[in-house]
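Data first, discussion second: the structure below is written as structure tokens.
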Amino acid sequence: MKSFPWHNLLRPHPLFAHLPREELENLLQDEGSQERHYPQDAVILNEGEVGDSIFLIGSGAVRVTLRGTGGPVTLLAVLEAGDIFGEMAVLEHTPRSATVSAKEECILLEIAGERIRALLDAYPGMQVVMYTLVRDRLRQWFHRLGVGDPY
């Protein structure tokens, strides 16, 4: 059961703004959409693990870190309420590109990758927003890592 007021966060969110009201209702009632609660410092996703869902932060904040090939841990980003993560693994069918942990207690909406891909196919405007989100996130990470802009 979802206790967080997800409608208030999803309706104005750029990614979900293209969805008709009934589609948004279906998304929230779908068994592929689960509310998750994480205490501070809990690991939500591990770099390299297989995953097929995205997460929307309802409250709290998460840290996105990268270890890479045994080097030091690098903080890539701190994401807060309204932010999405996990999208790269869903779009590319690849292992998780980073570790995400709860910076503070947080409430997340986990949405199955299959459901997201179906929505992207049905609503082209959603595709544009998703790919813009991924592009901007990669630019931010490349800048943070001191690597040139890939675009």
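A short reminder: the numbers here are calculations on the coordinates, not readings from a lab. Small disclaimer: the values here were computed from a predicted structure and weren't measured. All Cβ positions, even for glycine, are placed from backbone atoms using ideal geometry, and neighbour counts span all protein chains on display.
Please give the net charge around Glu110, taking every other residue with its beta carbon less than 10 angstrom from that of Glu110, where Lys and Arg add +1 and Asp and Glu add -1.
Values: positive: Arg36; negative: Glu35.
Local net charge: 0.
The trypsin sites (Lys or Arg not before Pro) of region 3-110 meeting both criteria, a DSSP state outside H, G, I, E and B (loop) and at most 15 other C-beta atoms within 10 angstrom of the site's C-beta, are Arg67.
Placing +1 on the Cβ of each Lys and Arg and -1 on the Cβ of each Asp and Glu in region 6-141, which of Val134, Met88, Val73 has its Cα farthest towards the positive end of the resulting dipole? Final value for the positive-end residue is Val73. Within the chain, what is the longest stretch that has no GluC sites (Glu not before Pro) placed in a DSSP loop and near at most 15 other beta-carbon atoms within 10 Å? Value returned for the longest uninterrupted segment is 50-103. Length gained on full extension, Asn46 to Val78, computed as 0.36 nm times the residue gap minus the Cα-Cα distance: 10.0 nm. Along its first, second and third principal axes, ordered by size, region 6-141 spans 46, 28, 23 Å in Cα coordinates. Mean sequence separation of contacting Cα pairs (under 8 Å, at least six apart), scaled by the length of region 1-134, corresponds to a relative contact order of 33 percent.
Val134 to Glu25: extension gain in nm, 0.36 nm per residue of separation minus the Cα-Cα distance? Intermediate values should be presented prior to the final figure.
On the way: separation 109, 0.36 × 109 = 39.24 nm, distance 2.52 nm.
Residue separation times 0.36 nm, minus the Cα-Cα distance, leaves 36.7 nm.
So, with +1 on the Cβ of K and R and -1 on the Cβ of D and E, and no other charges, what is the size of the charge dipole of region 1-141 about its Cα centre, to the nearest 20 debye?
It comes to approximately 420 debye.
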